[in-house]
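Have a look at the structure below before the remarks.
The values are calculated or read from the model by the stated rules, or taken from the named source; none is laboratory data. If you're wondering where the values come from, they're calculated on a predicted model, not measured in any experiment. In this analysis, Cβ positions are derived from the backbone assuming ideal geometry, glycine residues included, and neighbour counts consider all displayed protein chains. Areas reflect the complete protein model, heavy atoms only, side chains present, ligands, DNA and RNA absent. Shrake-Rupley method; radii C 1.70, N 1.55, O 1.52, S 1.80 Å.
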Amino acid sequence: MTEYEVQCPETWAWYTAYVRDYNEKDKKLLVTYPDDWKSAEWLAIEKVRYKFDESRLVHWRPAENEEVECKARAEEGEPYGWWSCRSKKYVSNRDLNQSLFSISFSGWGTEHNEILSIDFLRPRSTAKTLSPRNMHRQEYEVPLELKSWVQQHLADESLLELLAPHKNVQSQIVHIDYVEQRNRLLLIGVKHVLTTLKDIVAIYFIKQMKLLQLKKETQALENRNREQREEELKAEKVTFNIHPFLSGYLRGKHGRHIEAVYKEGQGKIINIQPQMESVYIAAKDKATLKWATDQLQIVCKKVIIPEAEMGQIIGGRQMQIEDIRNKADVMKIRTWKKWKEQEFELLRQNQYNRYRSGLGFDQSARDLKNGQGGGGYDDRHYDEDDSNIPEIIRHTTVDNIFGEHDVIDLTYGFETPQWQRRMSAIEEEPSYDEAPHEFSTDALVIIGRKSRVDLCVFMIEMTLNYFRTITKTRKKVFDLRTKINKIKGNPPPMYGGRGRGRGGRGGGGGRGGGGRGDRGRDRERGRGGRNGRDRYRDRDRDREAPSHRYRDDRDRGGGGDGGYDDQKATSPTEDRQVDSFEYGRGGGGGGRRGGRGRGSRQKRGGFGGGSSARQYQKKQPVYAANGTDTDATQSQSQSQSQSQSQSQEVDASGSEKKQRKRGARARKKKPKTNEAAPQAGADANN
């Protein structure tokens, strides 16, 4: 309420009153009195003036015959009012310590004169009465959120100072009040001031609403912190170490990783405080604490692997290591070369840029845009002074970033091929001295949650053990076959080479039937009947055993009705070698119908049924003293009989339908005599 002084129309004295409303039509003000000693009434605006300025009473003393105002009342039970009068000095011999003044009221005669003390006097008020000129009334809507705020500041008489800080503007505002029935703010004053003040009030209300909202949030945060401290005193707590270089993986981009842990914790996580080298977690129960620790405990481990086994772990097109990474759910797996040249340098540069830009460890880089290098920093100029960078960051290297338990050696149990041969020699000769086991190593660097990194290391170890078990098993099989062949007097088995898994190319046999190569491990169709592709070894064997070469030629290229060249039986060994290697590969064998020779026109084999590669293992023929093959005629006749028997077996194994068709065609056609066979038989008998 705004305090004013109103003049009584009967006594012309001024009484304290409060302005409540204004009627623009009648130019009257609605006033009320203190303690309601008088009913509210509408008075002309000229009968109302501003209240007296109390600052004028300091060091004031009334002068002789000065026009002053004295405090008096007309009747008992009425409040004091200020009456116009003149003062004179009054001296009393009885009380020299008190200043008394003789007062004569203006317009009331001498019979009402009184003697009053200085406390009942004041200077004549110079306050002006209100003018109806440009007087206006304006109401402003008050938001419900500000209702209590407006009422509180009205009671403190500070609302007008907040809305209009300037004294000149305040002097032109007659009244400001809150109308609770309409939830509006009422202002009475000069019209142009109220028009301007309308926008100011609206803006101030918006500002105040935001401040109140912020105040509520702050208060709620304080209450939450107080409750959190109380809960933390009786909560489950843990603190674990983490290297500063791994703080980016701990926080996530813009702190999203920690926010996600809070969200997934469903209100059971009380506090998470990342520090320079440690992380503090408090939760309501042990299960939540264990889960949060597993989510936030980021480690970096080095796994040492033999360089020879690195390819098995990586796999073709990195499929093996990617499968391990996906199943183990780790963040990164880097080879040692990429760790030194790329990943470590990136982590170090991110930490350096954070401190050079003034952010430090505890401040977030949320306001910085994403720049090159993936660290979230832009291309601004950084202070090159590294004095504020902690020593643990400046002294970290690619090796000392790993702790005592962060280096895992998986080379135990690895044996190189040279070491395996060495151990085999030691087993055969116990007196043989054992040589040192030396081999080069490589490493993998794994970054992720501790539990997932341990799982990844376990999967890598199991993969290595799997490959090592296969290698040892194959080695044992090889050693066992070697011992068996040694007992039998056969040459040891040979692994590797182009003949692995199939027969080799014979020196003169051609692309015949498929035997099983001695070097192959599986029972597959070979490309020739000889042992591997070493045609020079076959040539040396042919020189030592010419009749064996003749028998092979008959079996592979001359089976059935094929054109067998009788000159091979009498030609020298050198000529036979020239025929085999110069004219190409001979006739095929081993299939149902034999192979077609690739020699000259005169020396091509027919389509007879040849023998398989197993026929090469027959014992060597016996030679006569003159160098001729005494068993040549018998071998030729045996080969022809075998070819005919094989042809008959093939025809008999055919379907009955084909046999009926062949019989019908044979009955229609006249059978022809074979003249070449008797001639060949006569030549053989001769």
If you plug each phi of segment 399-404 into the Karplus form 6.51 cos²θ - 1.76 cosθ + 1.60 with θ = phi - 60°, what whole-Hz ³J(HN,Hα) values come out, in order, with x for Gly and Pro? 9, 7, 5, 8, x, 5
Residues other than Gln297 with Cβ under 9 Å of its Cβ, Lys/Arg counted +1 and Asp/Glu -1, net out at +1
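Explain nothing, just the number: relative contact order of segment 269-344, from Cα pairs under 8 Å at least 6 residues apart, as a whole percent. Spell out each step's value before the answer.
Details: 38 pairs, mean separation 10.1, N = 76.
Reported as a whole number, the value is 13 percent.
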Across Lys237/Lys450; Lys147/Lys215; Lys301/Lys475; Lys301/Lys472; Lys268/Lys327; Lys237/Lys338, pairs whose alpha-carbon gap is larger than 27 Å: Lys301/Lys475; Lys301/Lys472; Lys268/Lys327; Lys237/Lys338
Determine the order of Tyr18, Tyr355 by accessible area, beginning with the largest, at a probe radius of 1.4 Å. Tyr18, Tyr355
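Sorting check: for 333-341, 309-317, 404-412, 289-297, which peptide has the highest mean count of neighbouring beta carbons within 10 Å, and how do the rest follow?
Details: 333-341: 16.9, 309-317: 15.0, 404-412: 12.9, 289-297: 18.6.
The densest-packed peptide leads the list: 289-297, 333-341, 309-317, 404-412.
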When the distances between all Cα atoms of segment 110-221 are binned every 5 Å from zero, what whole-number percent does each bin get? 2, 9, 17, 18, 14, 10, 7, 6, 6, 5, 3, 1, 1, 0, 0
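When the solvent-accessible surface of protein heavy atoms is calculated with a 1.4 angstrom probe, in what order do Ile45, Ile118 fall, highest first?
On the way: Ile45 0, Ile118 40 Å².
I get Ile118, Ile45, largest accessible area first.
Hey, what's the Cα Rg ratio for segment 1-85 versus the globular rule of thumb, 2.2 N^0.38 Å?
Dividing the Cα radius of gyration by 2.2 N^0.38 Å gives 1.21.
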If you filter segment 135-188 for GluC sites (Glu not before Pro), then keep DSSP loop positions with at most 14 other Cβ within 10 Å, what is left? Glu157, Glu180
Read phi for every residue in segment 29-37 and hand back ³J(HN,Hα) as whole Hz from Karplus 6.51 cos²θ - 1.76 cosθ + 1.60, θ = phi - 60°, with x for Gly and Pro. 10, 8, 10, 10, 10, x, 6, 6, 5
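For segment 221-300, report the translational diffusion coefficient in µm²/s to the nearest whole number, using Stokes-Einstein at 10 °C, 1.306 mPa s, and a Kirkwood Rh over Cα pairs.
On the way: Rh = 12.9 Å.
Estimated diffusion coefficient is 123 µm²/s.
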Which ³J(HN,Hα) values, rounded to whole Hz and listed in residue order, are derived for segment 202-212 from phi using the Karplus coefficients 6.51, -1.76 and 1.60 in 6.51 cos²θ - 1.76 cosθ + 1.60 with θ = phi - 60°, glycine and proline given as x? 4, 5, 5, 4, 4, 4, 5, 4, 5, 5, 5
